[in-house]
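Working notes, beginning with the structure itself.
The values are calculated or read from the model by the stated rules, or taken from the named source; none is laboratory data. Nothing here was measured: the structure is a model prediction, and the numbers come from that model. Positions of Cβ are backbone-derived with ideal geometry, glycine not excepted, and every protein chain shown enters the neighbour counts. These accessible areas exclude ligands, DNA and RNA; they are computed on the full protein's heavy atoms, side chains included. Shrake-Rupley method; radii C 1.70, N 1.55, O 1.52, S 1.80 Å.
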Amino acid sequence: MRKFTDRIIFRFVLLMMCAISLVLHFKIDDEIFNSEEFSYFTVQSNIFCFVMITVLVLRELHGKSLTTSVIVYFHGMATAAILSTAYIYHFFESVNKYSLEQNGIISIPAMDLFGHYVVPLLFVTDWFLFRPKGLVQRNYIFKWLAFPIVYLLCFLSRCTFNEETAFRKVEKFPYYFLDYETLGPVNFGKYIFIITLIMLTINTILYTLDYIFAMHKKIRHPF
């Protein structure tokens, strides 16, 4: 009963942090700004985390299983996505926007602090503390890429099928490493390749840790 209570309380706190992150990223009276925010992987991964935790809390409160293959798959995918968000922002984006070495984390705006650090930290903590171990399959390492692949396809469709006039008040490219017009196809491809390797590495680490914890608890892993 204690574990159940701790898990529910922690996940309600996590839901609040996700909600704060999303509120900070949007403006009620600015549709143009909001439409631009939806083009960011950060916002989409934060929404994914909010929805995932909501599903986990509702299923648990209604006495439903949290260990179905669908739940395990999407919970892991959300964890991998938010971890990738934090890593890429910290090592790719923030170094170009803010002087972290001089001013530290206090130089980061609140919406980025919550979206790239607070939510990822709490979500990964939830995964390690409360996710039943020994259920992650090896092929999830590649299957978890479905989320960023869908994001990339939607981004390319947005840039390809919209007229240039659609980007007069919003940025066409949410990230500098997706600006294929400036980078050119070769450099754009290099960035996509590097980011894919980073995501595969994160996915592999999650799978490996799940395997190690399962072996430690003598749980038969599905491989």
- Label points 7 Å out from Cα along the Cβ direction at Thr201 and Ile9: separation in nm? 3.7
- Would you mind telling me the share, in percent, of accessible area of region 127-191 contributed by carbon and sulfur at probe 1.4 angstrom? 62
- If you stretched the chain out fully between Met215 and Leu183, how much longer would it get, using 0.36 nm times the residue separation minus the C-alpha to C-alpha distance? 7.0 nm
- What is the spin-label model distance, in nm, from Phe92 to Val124 if the labels are put 7 Å beyond Cα along the C-beta direction? 1.7
